[in-house]
Amino acid sequence: MIENKPFYKKGWFISLAVVVVLLFALIGGFIKSANSMATSEQGVEEQLGQVQTVLQRRADLIPNLVNAVKGQQKQEKSVYSDITKARTQYYNAKNQYNNASSTSDKVNALNTQERSLNILVGSIKEAYPNLASNSNMQTLMVQLEGSENRISVERNRYNQAARAYNDKIVKFPGSMVAGMTGHKKVNYFTADSNAQNAPSVNF
């Protein structure tokens, strides 16, 4: 005769099974959320690299802009001083970007790079208004404006990637997973109110 197991033993096995299922579900959810954050973080880093690329393209155009103003010998010394200062700021910021350990620090460094480039281009344009009619200068300015558009597009794409990533960080239960895995919110690119205003240049 087969003896039936007591009901409390059956209940214990059912409870254990439920706990195991829930435990696997929690672990699976944790892993899925952590992997999703890691993937989104890589997307943010990739887009940040795109911003750096278009900023570098604009910086590479600067020597051509300098050559376009070389004919104005009278004002050359003062302008080159401004050029040297702005380019130094740019490359210092670039080094900060390369040495930055966090995405937010990289964003800050890129903002500094962009400000220095804007100041540099604005200074030359203000110093040499008569060169606006020069065909070479016009072509170069068109290229710089194209670079500005590329920078704007890539910054917007970065912000979109950063928004998607940050949403995962702040929403529950992602916020708990983020705290356990060390994921942190990243900064957005924001418009600098002074970035488009060329400084006053006196000669």
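The values are calculated or read from the model by the stated rules, or taken from the named source; none is laboratory data. Computed from a predicted structure; not experimentally measured. Counting neighbours? That spans all protein chains shown, and the Cβs are built from the backbone with ideal geometry, glycine included. Each accessible area value is taken on the protein alone, full model and side chains, heavy atoms only, with ligands, DNA and RNA left out. Shrake-Rupley method; radii C 1.70, N 1.55, O 1.52, S 1.80 Å.
A few points about this structure:
- Failed condition for residue 186, given (1) modelled with pLDDT under 85; (2) in contact with a helix residue (DSSP H, G or I) (Cβ under 9 Å, 6 or more places away or on another chain); (3) part of a loop (DSSP other than H, G, I, E, B): (1)
- Scanning the stretch 134-183 for residues that are in a loop (DSSP other than H, G, I, E, B), without any contact (Cβ under 8 Å) to a residue 40 or more places away in the chain and open to solvent by less than 80 Å² (accessible area, probe 1.4 Å) yields one hit, 182.
- Candidate set from the stretch 60-111 (those that are closer than 30 Å to residue 162 by Cα and not in a helix (DSSP H, G or I)); member that is modelled with the highest pLDDT: 102
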